[in-house]
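Okay, structure first, notes after.
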Amino acid sequence: MVSSGNIKQPKTLYQIAHMIRQKHNRKRKSDAPFFIIMGIIASTYVLLILAMIFADLNFTSLGQIFSALQSREIQYAIKLSLFSCTITTILSLIVSIPIGYILTHYDFWGKNVIDTILDIPIILPPLVIGLSLLILFQMPPGRFIERFVSVTYAIPSVILAQFMVACAFAVRTMNVAFAQANPRQEQVALTLGCSRYQAFRYVVLPEVRVGVLTAASLAWARALGEFGPILIFSGATRMRTEVLPTTVFLEMSVGNIEAAVAVSLIMIIAAFAVLIFIRVLGNSDNILELT
């Protein structure tokens, strides 16, 4: 038998830190180079985003933005975008909350396969999603639905195209939110006599409400910028299936770059306002929890 004294014990973090200090003659170097390098790398992407926004602002003017807002076509695109994105967000939350809860709380056969399937809308090119939806509604089940509700090249197709992509991001967000929640609180509620529904509604959902807000913001913002599936599945018909991204495409196709940039700035402002609002609301909920 080998004596325990001959077994080399792993070094602790304290011992490793002590060795590093000895190696550098117990003289701690400045952390400034580390933070400078990290700051330069981190700020590159942020500066690129700000540079793009500044370029748009420099290319257009307030007069052109107001002129774009007075256009009947653009007003229709704004209304349809706000309506479709809101409906898409609600549908995404209705679907993503149960999926996130089930995937994080239960183990079942085929769970990894389903988890992989849910990532397909994120990985696939948007044009492929639009084409797949178009083919789906040319098949017998889709044609049966079309007898009662006009979907293809109509407003429902806009919502469905946005939903197929936005919901995938909401699902991933809710997975993280439920995984970080403390399962003990739900178990205590069940032990005290709550039903599974009562424990979910009064214990689990309040605990993940910040995750719900984050999922809603991601779904809304993703739906607002969706273009590829809408172009294939809904078309780009003025005053019918025109949303803000297709407006940019239509204005660019006729050479009206100024209007396209003005609409792009409207989308940036709308997305920024919604994201800031939801983040402030989430922070206020955290403050209320602490108090």
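The values are calculated or read from the model by the stated rules, or taken from the named source; none is laboratory data. Only a predicted model underlies this, so the values are computations on that prediction, with no experimental measurement involved. Ideal geometry is used to build each Cβ from the backbone, glycine not excepted, and the neighbour counts take in all protein chains shown.
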* Structure fact -> Subset of segment 154-191, residues of a type in the set (A, V, I, L, M, F, W, C) and not in a helix (DSSP H, G or I), comes to Ala154, Ala181
* Would you be able to say whether some residue in segment 173-188 is of a type in the set (Lys, Arg) and exposed (fewer than 13 other Cβ atoms within 10 Å of the Cβ)? => yes
* To do: Hey, could you check segment 210-227 for residues that are assigned to a loop (DSSP other than H, G, I, E, B) and under 15 Å from the mean Cα position of the chain (by Cα) and say which is surrounded by the most Cβ atoms within 10 Å (Cβ to Cβ)?
  => Glu226
* To do: Evaluate the following for Val151: is it in a loop (DSSP other than H, G, I, E, B), in the same structural domain as Thr237 (by TED's automatic domain parsing), in contact with a helix residue (DSSP H, G or I) (Cβ under 6 Å, 6 or more places away or on another chain) and not basic (Lys, Arg)?
  => yes
* Could you give me the residue pairs with C-beta distances under 9 Å whose first residue belongs to segment 175-195 and is on the phi > 0 side of the Ramachandran plot, whose second residue is assigned to a helix (DSSP H, G or I) and of a type in the set (S, T, N, Q) wherever it lies, and which are 6+ apart or on separate chains? => none
* Structure fact -> Among Gly142, Gly110, Gly130, the single one that is of a type in the set (Gly, Ala, Ser) and either surrounded by fewer than 12 Cβ atoms within 10 Å (Cβ to Cβ) or outside the structural domain of Arg201 (by TED's automatic domain parsing) (or both) is Gly110
* Candidates Ile276, Ile287, filtered to the one that is out of contact with any strand residue (DSSP E or B) (no Cβ under 7 Å at 6 or more places or on another chain), in a helix (DSSP H, G or I), over 28 Å from Leu160 (Cα atoms) and at pLDDT below 85 -> Ile287
* Asked: Given the structure, is Thr191 surrounded by 16 or more Cβ atoms within 10 Å (Cβ to Cβ) and over 20 Å from Gly211 (Cα atoms)?
  -> no
* In segment 217-240, the residues that are among the aliphatic types (A, V, I, L, M) and at pLDDT below 90 -> Leu218, Ala221, Ala236, Met239
* Only one of Thr104, Thr88, Thr116 is at pLDDT 95 or above and hydroxyl-bearing (Ser, Thr, Tyr); which? -> Thr88
* Regarding Ile65, is this residue at pLDDT below 95, under 22 Å from the mean Cα position of the chain (by Cα) and among the aliphatic types (A, V, I, L, M)? -> no
* Which one is nearest to Cys85 (Cα to Cα) among residues in segment 228-254 that are in a loop (DSSP other than H, G, I, E, B) and in contact with a Ser or Thr (Cβ under 7 Å, 6 or more places away or on another chain)? -> Val243
